[in-house]
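Below: the structure, in structure tokens.
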Amino acid sequence: MELNINVSIAAHRRAIDAVEGIAPAIVAVAELLKKTFRADGRVFACGNGGSAADAQHFASELTGRYEKDRRAYPAIALTTDASALTAIGNDYGYARVFARQLEALARAGDVLIAISTSGNSANVVEAVEYAHRHKITTVGLLGRDGGKLLPLVDHALVIPTTGTGRIQEAHILILHLLCEAFEE
């Protein structure tokens, strides 16, 4: 198998160009997060695999710092507690691992960042459905055609490409852009 760096870089550029195309939606989400934090709300993030790592990365940038010292913001990745994930998965099924944590931790007025490159992750879909029933605003960082999550989320940030790695690269750029909104 031959590595074709130029093909991969071209695919990366297309994914990043898609981020530019949804800039107004990213700004709207940044404003939503600012409003949420001003109202003492919290942000939760979830995803699977690389998207789980992105959820953790984003939460750590908000609770710690991105590039500048500033106040800490309440952000929780629902992907980090191995005991909760395995207990909930064992007792209720893997599809419930994020929704059950929202049930325990979230309240109306909070925000859920749902990350899924396919838009079809059952546990992310269930978390979004729970959020809607409990007045938690949802933001989807999605790929491809947005999948099942596209019509379910309040704010969709979709990278319309098929390569999972390229979608994740665009998602981390979006998450960093959101962090930059708090660097003012």
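We did not get these values from a lab; they are worked out from the coordinates using the rules stated. Here the structure is a predicted model, which is why all the values come from computation and not from measurement. In this analysis, Cβ positions are derived from the backbone assuming ideal geometry, glycine residues included, and neighbour counts consider all displayed protein chains.
Data for the structure
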read-out	value
Hey, residue 11 of a type in the set (Gly, Ala, Ser), touching a Lys or Arg at 6+ places or on another chain (Cβ under 8 Å) and farther than 30 Å from residue 94 by Cα or not	yes
Scope segment 23-80; condition acidic (Asp, Glu) and over 15 Å from residue 183 (Cα atoms); matching residues	40, 54
Tally of residues being among the acidic types (Asp, Glu) and crowded, with 23+ Cβ neighbours inside 10 Å across segment 32-80	1
Among the residues listed as 180, 169, the single one being in contact (Cβ under 8 Å) with a residue 60 or more places away in the chain, among the charged types (D, E, K, R) and under 17 Å from residue 37 (Cβ atoms)	180
Spans of helices (runs of 4 or more DSSP H) in segment 40-139 with at least 3 residues in contact with a strand residue (DSSP E or B) (Cβ under 8 Å, 6 or more places away or on another chain) and free of Cβ contacts under 8 Å to residues at least 40 places away in the same chain	50-63, 122-133
Residue satisfying all of: in segment 93-118; among the β-branched types (Val, Ile, Thr) and under 20 Å from residue 35 (Cβ atoms); surrounded by the most Cβ atoms within 10 Å (Cβ to Cβ) among these	113
